Amino acid sequence: MFSFLQLWILPLLVAAAPSPLGWHFVQNGSTGVIPIEAIVVSPTLAILFDRVQNDPLQIDGHNAWGALWNFETNTAMALRVVSDTWCGTGGFLSNGTMVSVAGNVAETPDTTDGRMMIRLFEPCTDPSGASCPLIEDAQNLRLAQNRWYPSSLRIFDGSLMVVGGMHELATFYNADPANSFEFFPSKDNGTPRPSPFLERTLPANLFPRVFALPDGKIFMIANTQSIIYDIETNTETRLPDIPNGVRVSNPFDASATLLPLNPPHFTPEVLVCGGSTKNDSIPVEELSAQDPASDQCSRITLTPEGIKKGWIVERMLEGRVMSEMILMPNGKVMIINGAQTGYGAFNSVLNRVAGEQSNSDHPAFTPVLYSPDAPLGSRFSKEGMPTTDIARLYHSVVTLTPSGNIFIAGSNPNDGIVNTTKFHSEFRAEYLNPPYMSVQRPVLHDVPANIPFNHPFTVAIDVPAKIRANNVKVALMDLGFSSHGFHSSLRLVFMDAVLARDHKSITITSPPNNRVFPPGPAYIFLTIDDVTSTGAHVIVGDGGAPPVKDQGIPLRF
Ligand SMILES: *[C@@H]1O[C@H](CO)[C@@H](O)[C@H](O)[C@H]1NC(C)=O
Ligand SMILES: *[C@@H]1O[C@H](CO)[C@@H](O)[C@H](O)[C@H]1NC(C)=O
Ligand SMILES: *[C@@H]1O[C@H](CO)[C@@H](O)[C@H](O)[C@H]1NC(C)=O
Ligand SMILES: *[C@@H]1O[C@H](CO)[C@@H](O)[C@H](O)[C@H]1NC(C)=O
């Protein structure tokens with residue numbers, strides 16, 4: 001005979017058993033340092049950079065502030081870093097070298113001033129990374145100006161462009177601006193280019209949101225303003241402001257992305273979501289951690305007609321500040337992390353949670369998926385999205401991995417390591433696994449390591465028997481560099497692809513030229529009927545050291 005208890009327990013047990021399908025958060029491993037910045041540097045590794053502080057991970061008899069995160073073992077190995085990397089940026093060059101730029105003044109005897117540093121991490125084929133050093137050479141590898149809180153971007157000639165920032169430690173607004181652009185390798189004999197746009201957007205223009213357009217020009221957003229910058233003529237063209245006075249760069253961090261580019265026209269569209277409508281002439285000590293973040297998304301098509309139309313406004317399901325956008329290989333946009341109220345930074349605004357330093361509150365625990373092609377008004381969805389209980393606020397990162405899941409780490413809205421409060425220093429690494437991680441996936445075999453532009457190539461594939469192959473997408477992706485809610489150089493270009501009748505191979509055509517996809521490292525993902533393969537690592541273009549010449553064929557508009 002069933003007892004009352006048994007009758008009730010049975011359905012509860014069934015409900016509690018994790019379903020293998022669907023989206024899942026999985027917590028695994030400890031990062032040992034706080035990842036303020038993160039970039040995937042090989043199929044098995046990501047570099048994590050912190051500020052110099054009391055991190056548990058040790059190296060050379062002191063605390064580490066850099067680490068190699070291993071996606072296979074879910075462990076962190078200390079990386080030897082000399083200069084302070086706090087609040088820098090970075091990206092890849094056309095020849096596959098990763099460049100980390102900028103940082104903070106030296107705050108301990110174990111470190112040196114990082115503000116002008118350029119650090120190199122050469123292509124690493126050791127799966128553990130043990131034999132791959134970070135190269136620093138303060139005499140020969142340096143920026144022209146001190147920079148803290150700049151952005152960066154790989155451009156059409158394979159160089160890294162460095163944008164803005166400030167010279168000195170300032171705790172909230174940009175009080176000592178570096179209102180200029182420079183490049184690595186340098187252009188103009190190393191003289192930075194002054195920017196009227198950065199002047200106009202003070203004091204909330206840190207970590208400008210910058211994007212490489214398919215014609216090689218640069219679209220930039222800071223504070224409430226936007227421009228197109230032409231590197232070749234050094235001219236700025238002002239574009240419409242973000243509607244309704246929403247401010248979108250640090251310390252009012254919104255997330256922003258270039259949406260996936262589609263052949264044959266590769267029409268660029270940019271989406272920027274969240275931020276704050278507060279006036280940036282309000283002194284920081286009069287702002288509140290309880291001020292609601294903006295729920296506004298603004299989207300613009302960067303063609304002459306699109307610019308004439310201006311920004312089109314839509315609304316997220318909640319306000320968000322410091323969230324991040326990840327492009328998924330199927331072309332959707334994941335909006336994840338951040339808070340629903342407050343601002344970036346710590347220890348500076350009113351109404352912080354008692355005992356907390358965080359300038360923000362009400363963490364956003366549930367990711368949102370944005371479908372760029374759905375009709376206006378029905379693009380945001382939390383359907384099937386799991387909810388985490390780990391707050392990812394200021395100084396947290398997220399990135400798509402070469403396996404196709406999402407790595408999430410960090411959060412430290414504190415001055416130093418604090419382990420005892422609600423918004424403590426967060427060392428737990430977590431993955432968000434899409435549904436395709438728990439089913440049989442398509443497999444790409446022997447993808448060529450180097451892919452020229454405008455070049456058809458055929459790849460052997462395995463397609464799971466159950467898949468009907470009604471919908472085939474091949475994405476070429478730069479996974480980007482995560483720092484302060486912005487994912488520099490993140491890019492997805494869909495490539496024309498023809499599946500063989502027998503489903504045993506696919507013929508793919510690479511992007512037409514180095515402006516549609518700035519030359520350098522990338523991952524190719526195959527998505528069939530919404531099931532995505534793991535990513536294949538390639539170098540797109542001739543693999544030469546920057547600046548490289550134009551390659552491929554011109555785009556016809
Ligand atoms: C803080 O927590 C981390 C992770 O649990 C631990 O490794 C570290 O030793 C702690 N640090 C301090 C200062 O208590
Ligand atoms: C954590 O990752 C390790 C290494 O990949 C794996 O062996 C282990 O099963 C994982 N644990 C969980 C709970 O997923
Ligand atoms: C912000 O405040 C300043 C100073 O009070 C004022 O001049 C300006 O018009 C305000 N801006 C907006 C967008 O309200
Ligand atoms: C790539 O180019 C940069 C800049 O010239 C150089 O420092 C780096 O060593 C090069 N990397 C490789 C792998 O050749």
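Among the residues of segment 279-320, those that are buried (at least 20 other Cβ atoms within 10 Å of the Cβ) and either within 26 Å of Lys217 (Cα to Cα) or of a type outside the set (D, E, K, R) (or both) comprise Leu287, Ala289, Ala293, Ser294, Gln296, Cys297, Ser298, Ile300, Leu302, Trp311, Met316, Gly319. Of the numbered criteria (1) over 27 Å from Phe156 (Cβ atoms); (2) more than 16 Å from ligand 3 (Cβ to nearest atom); (3) within 21 Å of the chain's Cα centre (by Cα); (4) buried (at least 21 other Cβ atoms within 10 Å of the Cβ), the one Gly275 fails is (2).
Give segment 175-202 a look and list any residue that's closer than 24 Å to Met325 by Cα and not in a helix (DSSP H, G or I), or say none. Within segment 175-202, just Thr201 meets the criteria.
Checked against (1) modelled with pLDDT under 95; (2) among the aliphatic types (A, V, I, L, M); (3) out of contact with any Asp or Glu (no Cβ under 8 Å at 6 or more places or on another chain), Ala170 meets all criteria but (3). No other residue among Val41, Val52 is within 16 Å of ligand 1 (Cβ to nearest atom) and crowded, with 17+ Cβ neighbours inside 10 Å apart from Val52.
Report yes if Val99 is modelled with pLDDT of 95 or more, assigned to a strand (DSSP E or B), among the β-branched types (Val, Ile, Thr) and closer than 23 Å to Phe427 by Cβ, otherwise no. Give the derivation first.
On the way: modelled with pLDDT of 95 or more: yes; assigned to a strand (DSSP E or B): yes; among the β-branched types (Val, Ile, Thr): yes; closer than 23 Å to Phe427 by Cβ: no.
Criteria not met by Val99.
Of these, Thr527, Thr534, Thr507, which one is among the polar types (S, T, N, Q) and in a loop (DSSP other than H, G, I, E, B)? After applying the criteria, what remains is Thr534. Any residue that is away from ligand 1 (no atom under 15 Å from the Cβ), within 23 Å of Asp478 (Cα to Cα) and in a strand (DSSP E or B) - is there at least one of those in segment 21-38? Yes - at least one qualifying residue is present in segment 21-38. Applying the criterion of being of a type in the set (A, V, I, L, M, F, W, C), touching a Ser or Thr at 6+ places or on another chain (Cβ under 7 Å) and assigned to a loop (DSSP other than H, G, I, E, B) to the residues of segment 48-74, the residue that is nearest to Arg119 (Cα to Cα) is Trp65. Restricted to strands (runs of 3 or more DSSP E) entirely inside segment 391-438, those with at least 2 residues that are within 15 Å of ligand 1 (Cβ to nearest atom) and under 24 Å from Asn104 (Cβ atoms) are 406-410. Does at least one position in segment 177-184 carry a residue that is at pLDDT 95 or above, more than 21 Å from the chain's Cα centre (by Cα), more than 16 Å from ligand 3 (Cβ to nearest atom) and within 25 Å of Glu286 (Cβ to Cβ)? Yes; the residues of segment 177-184 include at least one that is at pLDDT 95 or above, more than 21 Å from the chain's Cα centre (by Cα), more than 16 Å from ligand 3 (Cβ to nearest atom) and within 25 Å of Glu286 (Cβ to Cβ).
Applying the selection to segment 81-133, what residues are more than 15 Å from ligand 4 (Cβ to nearest atom), more than 21 Å from the chain's Cα centre (by Cα) and among the small types (Gly, Ala, Ser)? Within segment 81-133, Ser83, Ala106, Gly114, Ser128, Gly129, Ala130 qualify.
The values are calculated or read from the model by the stated rules, or taken from the named source; none is laboratory data. Everything numeric in this text was worked out from a predicted model, so none of it was measured. Here Cβ is always computed from backbone atoms with ideal geometry, including for glycine, and neighbour counts include all displayed protein chains.
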